[in-house]
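Please read the structure below before turning to the comments.
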Amino acid sequence: MNSAYSRLMEEALSGEEAKNFAKEISLHHRVSGSSGFHEAIEYVKWMLKNFGLEVSIDTRPMDGEFKIWTWTFPRAWDIVSAELEVIEPEPETITTFDETPVSVYKYSAPTPPGGIEAELVYVGEGTEESCYEGKDVEGKIVLARGSGQDVATLSMRQYGAVCVITDYLRPHPPVKTRLGTPDLVQDASIRGGDKDLRAYSISYNQFKRLKELLDRGPVRVRAKINAFFIEPGVLETVIAKIPGSTLPNEEVVVIPHICHYRPGANDNAAGVGLVMEVAKVIQRAIESGRIERPKRTITFIIGAEMYGSLSYLERNWERRYEIVGGFCLDMLGEDQEKTKAGVEVSSVPDSLPTFLNDHIASLFEGVKRKTLYRWHNANRCYKYDSLTVNFRYNISQFSPGSDHLIFDDSSVGVPVIQFGHWPDIYYHSSGDVIEMVDPEELKRNGLVFGTALLNLANTGPEQANTLMNHVYTQSIKRIADNGGRARDEAIEVYESCNLEGVDNDELAGKISDLVELESKRLDFLADRDRKGLRSALRLIKDEDAKSQDKSRELAESLCGAIEGALRSEKETLVTFTSSLLGETGHGAEGTLSEVEEAYEATVPKRNFIGSLSGSDFMRRLTPERRKQYIEWVTSGRELVFGNLNAKIVEMWSFADGERNIAQIAEAVTFEYGPTDHKLVMEIFSDLEKIGYVELA
């Protein structure tokens, strides 16, 4: 790829400048549609115009009714002030909005102007009816440990409480626990449609203080929230462009959401700050003649998480195939030592094969080498590793936690990769302050992102050939690695069966099942990689016929080599397992049960385009079914990186009207790990009940 782009980013991009932009944004309480959100939007708009970009503002209604596909835009809400104080036995301030903006659950209902003064009652977790047995909370304020949304729904609606106080904190053990972070306050929300609920979020130490007072005797508390829903609300999104030269109708999108609480420094003021700095560097390099104007237009979409992307995509739906790819930047500046977070890159999902994942992996490896080299030269030492220089990164499976979800759905077909950090102990909490942002980390991530952005905006035949080579190189390695793992698993099955005294026929059946599954996995990986390799060809459609032919010939040659590696690995697997079984040989092919036949006969057909809104899906389920999903997650069933949602989103994306339930279950298994066919059928049955799919 063009080394001039990486040199440009290395020499011109300033992590300190990106942090300064983030600091300014972090001064605003940026709840979508609020005055603070508007002020942050105005700041970014003014700065990008000043840099020389073409800037406009897109608007959409925020009324709790406006909808794009399966996504309903929330009501706009704003807050002026809030206080929580003990009145008896002795006056004592617990928290205020000014000091801790996340202390008030977003979308909380306001109190009367003078506040609400009431007795405090402890209800334990407060999320089950048993928590209220023998307790009178009507007209009182409850102190709880569970999620404010769940506690408020039960205590206020069913038992007549007037407000909730909770020290609930989403844990991420062992990095983040309630006792290990006793001063953190969780950022959280009341659902936008629940206009009658209110809740305060406090730290564990604040909870302990209130509990100590309760243990001594009655406690009276005053809660005062000056907040309001905006009618009608308006959602603003900054759309900024660096126009392309020869392919101006094609574009690369960049999406950093600007919404969230104050300060929300890493989530996501830092992401927006880095995008602003990269945009400035590119625009000035074009104006100075250091680089030529990119072939394709670069479009920056800066607004509310998910909803800004939805708005832009829906307005440009007919030309979505001209969007060749993009980058979502969400939580980019974490000081890795302070936050305990490493760079986490969420790959484009398997349901949308692309060259982009392997290209980004190669760029991160290059940055790692540069970082290590600098450290080595500065310290005159030959013993070093990535931890020593405070740079850790991981290219992970697709995780649908930010705006890339909107584009990565198979019905949209725009590959967008997400840059972030995980697991940040200050994520969605009062600890997400500007001091946790590291300018060097912004610089390192900016080097990868900025280089990849210019590469994608300028790719022609030569660059496409490089992208295809990245996929080919990694594909050969993936096929070999998976073949080796399959052989190791065969050995484990063989040894385990021998220890347990399993007869030869049963052993042969187990080995045959393993060979069948792993052969399908190898087929799936090779097919995905061939499609991902060929996806680079869409970037050369404007070139002359000779150049296009050469690139297509290379693509077919590399795909043929992948097919050869696949065939060799599958043959090796069969030969290897046959040697384990000896004269017994592989078991006979089994017959399908009635249930298995039903899985193969059932083909989901989607009734909606676009990505699936998980919150909308859950809201439409019956209370009993919602509890079932919660139990699946909390019990660990089908839990992948704490996120069953990732599997559900991929099931939705794989539902192309051609794959059956068994094929979808296998595809999700190959991407995330064992996925029960019965679970997949249950989820699609739920989607059918709410009208999102038809099961043929």
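The values are calculated or read from the model by the stated rules, or taken from the named source; none is laboratory data. Because the structure is predicted, anything quoted here is derived from the model rather than measured. For neighbour counting, all protein chains shown are included, and Cβ atoms are generated from backbone atoms with ideal geometry for every residue, glycine included. With ligands, DNA and RNA removed, areas are computed over all heavy atoms of the protein, side chains included. Shrake-Rupley method; radii C 1.70, N 1.55, O 1.52, S 1.80 Å.
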Positions within region 541-555 being under 25 Å from Pro349 (Cβ atoms) and in contact with a Lys or Arg (Cβ under 9 Å, 6 or more places away or on another chain), in sequence order: Ala555
Flag if His38 is in contact (Cβ under 8 Å) with a residue 40 or more places away in the chain and either part of a helix (DSSP H, G or I) or in contact with a strand residue (DSSP E or B) (Cβ under 8 Å, 6 or more places away or on another chain) (or both): yes
Scan region 437-451 and tell me whether some residue there is in contact (Cβ under 8 Å) with a residue 12 or more places away in the chain and either more than 26 Å from Glu10 (Cβ to Cβ) or open to solvent by 30 Å² or more (accessible area, probe 1.4 Å) (or both). yes
Checked region 9-30 for anything crowded, with 21+ Cβ neighbours inside 10 Å and in a helix (DSSP H, G or I); matches are Met9, Gly15, Ala18, Lys19, Phe21, Ala22, Ile25
If I filter region 185-195 for residues that are among the aliphatic types (A, V, I, L, M) and under 14 Å from Thr100 (Cα atoms), do I get at least one hit? yes
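Residues are listed down the side, and each one gets a yes or a no for (1) among the β-branched types (Val, Ile, Thr); (2) under 25 Å from Phe617 (Cα atoms); (3) in contact (Cβ under 8 Å) with a residue 40 or more places away in the chain; (4) surrounded by fewer than 21 Cβ atoms within 10 Å (Cβ to Cβ):
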position	(1), (2), (3), (4)
Arg170	no, yes, yes, yes
Pro174	no, no, no, yes
Ile190	yes, yes, yes, no
Leu197	no, yes, yes, no
Lys211	no, no, yes, yes
Arg216	no, no, yes, yes
Pro232	no, no, yes, yes
Matching entry among Arg485, Arg534 (being among the charged types (D, E, K, R), at pLDDT 95 or above and under 22 Å from Phe355 (Cα atoms)): Arg534
Qualifying positions in region 437-453 - in a helix (DSSP H, G or I) and within 20 Å of Ser26 (Cα to Cα): Pro439, Glu440, Glu441, Leu442, Lys443, Asn445, Gly446
Quick one: would you say Asp98 is open to solvent by 30 Å² or more (accessible area, probe 1.4 Å) and modelled with pLDDT under 95? no
Going by the structure shown, is Glu54 under 21 Å from Leu313 (Cα atoms), open to solvent by 30 Å² or more (accessible area, probe 1.4 Å) and modelled with pLDDT under 95? no
The residue that is farthest from Ser613 (Cα to Cα), considering only those in region 287-328 that are polar (S, T, N, Q) and open to solvent by less than 20 Å² (accessible area, probe 1.4 Å), is Thr297
In region 148-168, anything buried (at least 24 other Cβ atoms within 10 Å of the Cβ), in a loop (DSSP other than H, G, I, E, B) and among the hydrophobic types (A, V, I, L, M, F, W, C) is listed as Ala161
Top-ranked residue of region 602-620 - restricted to ones that are under 12 Å from Gly657 (Cα atoms) and not in a loop (DSSP other than H, G, I, E, B), ranked as most open to solvent (accessible area, probe 1.4 Å): Lys605
